[in-house]
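**Q** Below are the structure tokens for one structure; questions will follow.
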Amino acid sequence: MLIKELSKSDRKWVSDRTELLFGGDFVVSRETVHNPATLPGFVVSEGPDRIGISTYNIVEDSCELVTIDSLCQWQGVGSALLEAVEAAAKEAGCKTIWSITSNDNLDALRFLQRRGFHIKEVRVGIAAQIRMMKPEMQEIGHYSIPVRDEIELSKSL
Ligand SMILES: CC(C)(COP(=O)(O)OP(=O)(O)OC[C@H]1O[C@@H](n2cnc3c(N)ncnc32)[C@H](O)[C@@H]1OP(=O)(O)O)[C@@H](O)C(=O)NCCC(=O)NCCS
């Protein structure tokens, strides 16, 4: 397993994965629109295959983990991606890292809390507003759970 910074040649793939996971080539967090394909991040590969991506956005001393996407779950890919983003954030002088996920994403909620993130805010029912900007956003998410709420988690670095 090899991890490296995202390069120009990965951008189209990041865009395709974003479409697949989030129903569009952009994601919305705290009412800000991000296009992950234009953000810094990391890619994990195994031989010729890409098996994970993370993207992040630094504002002042705070780093948002915008996306984290493991194509081979439960094998250490997500951990490697998160560690790389945390290291980049610390290097840039960040004091916190934060991320947003939805109420159905039990794997991400578990993964982030196991790695020191705390729930900071729950925006109940906000998915309905996001769907006005992004009608493709799924109604039913992971484990067939209706997607309704946004959960913000953060961690001190
Ligand atoms: C959340 C997510 C990124 C986690 O990625 P992952 O690759 O499964 O993460 P890891 O494999 O590093 O860690 C998951 C668990 O597997 C365990 N694990 C890692 N390597 C292992 C191995 N070789 N054998 C057994 N277990 C292993 C880890 O210890 C960890 O368990 P823990 O949390 O109890 O410590 C992944 O579920 C995902 O991509 N989900 C879809 C995209 C998404 O929803 N992203 C979040 C919103 S942007």
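Rule-based calculations on the coordinates, nothing more; no lab input. Quick caveat, the model's predicted, so the values are computed rather than measured. Cβ: placed from backbone, ideal geometry, glycine included. Neighbour counts: every protein chain shown.
**Q** Only one residue in Gln138, Gln129 is part of a loop (DSSP other than H, G, I, E, B), over 23 Å from Ser7 (Cβ atoms) and polar (S, T, N, Q), so which one is that?
**A** On the way: Gln129 fails: part of a loop (DSSP other than H, G, I, E, B).
Only one candidate qualifies: Gln138.
**Q** While we're on this one: Only residues in the range 83-101 that are touching a residue at least 40 places away in the same chain (Cβ under 8 Å) and part of a helix (DSSP H, G or I) count as the first member; pair them with residues that are surrounded by fewer than 22 Cβ atoms within 10 Å (Cβ to Cβ) and among the hydrophobic types (A, V, I, L, M, F, W, C), Cβ under 8 angstrom, at least 6 apart or cross-chain, and list the lot.
**A** Ala84/Ile3; Glu86/Leu157; Ala89/Ile58; Ala89/Leu157; Lys90/Leu157
**Q** Further, regarding this structure: Going by what's in this entry, would Ser45 be described as among the small types (Gly, Ala, Ser) and more than 14 Å from the chain's Cα centre (by Cα)? Don't jump to the end; show me each part of the working.
**A** On the way: among the small types (Gly, Ala, Ser): yes; more than 14 Å from the chain's Cα centre (by Cα): yes.
So Ser45 passes the test.
**Q** For residues that are surrounded by 15 or more Cβ atoms within 10 Å (Cβ to Cβ) and farther than 14 Å from Ser156 by Cβ, tally how many sit in the range 100-128.
**A** Counting residues in the range 100-128 that are surrounded by 15 or more Cβ atoms within 10 Å (Cβ to Cβ) and farther than 14 Å from Ser156 by Cβ gives 13.
**Q** Among the residues of the range 51-82, which ones are in a strand (DSSP E or B), out of contact with any helix residue (DSSP H, G or I) (no Cβ under 8 Å at 6 or more places or on another chain) and more than 12 Å from the ligand (Cβ to nearest atom)? Please lay out each step first, then the result.
**A** First pass over the range 51-82, keeping only residues in a strand (DSSP E or B): 51-59, 62-70.
Now drop any that are not out of contact with any helix residue (DSSP H, G or I) (no Cβ under 8 Å at 6 or more places or on another chain), which leaves 57, 59, 62, 64.
Scanning the range 51-82 gives Asn57, Val59, Ser62.
**Q** Return yes or no: is Ser154 in a strand (DSSP E or B), away from the ligand (no atom under 11 Å from the Cβ) and among the small types (Gly, Ala, Ser)? Give the steps one after another, and end with the answer.
**A** Values: in a strand (DSSP E or B): yes; away from the ligand (no atom under 11 Å from the Cβ): yes; among the small types (Gly, Ala, Ser): yes.
Yes, satisfied.
Quick grid of which residues meet (1) crowded, with 22+ Cβ neighbours inside 10 Å; (2) among the hydrophobic types (A, V, I, L, M, F, W, C):
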site: Leu39; (1), (2): no, yes
site: Thr55; (1), (2): yes, no
site: Val59; (1), (2): no, yes
site: Ile68; (1), (2): yes, yes
site: Gln75; (1), (2): no, no
site: Gly78; (1), (2): yes, no
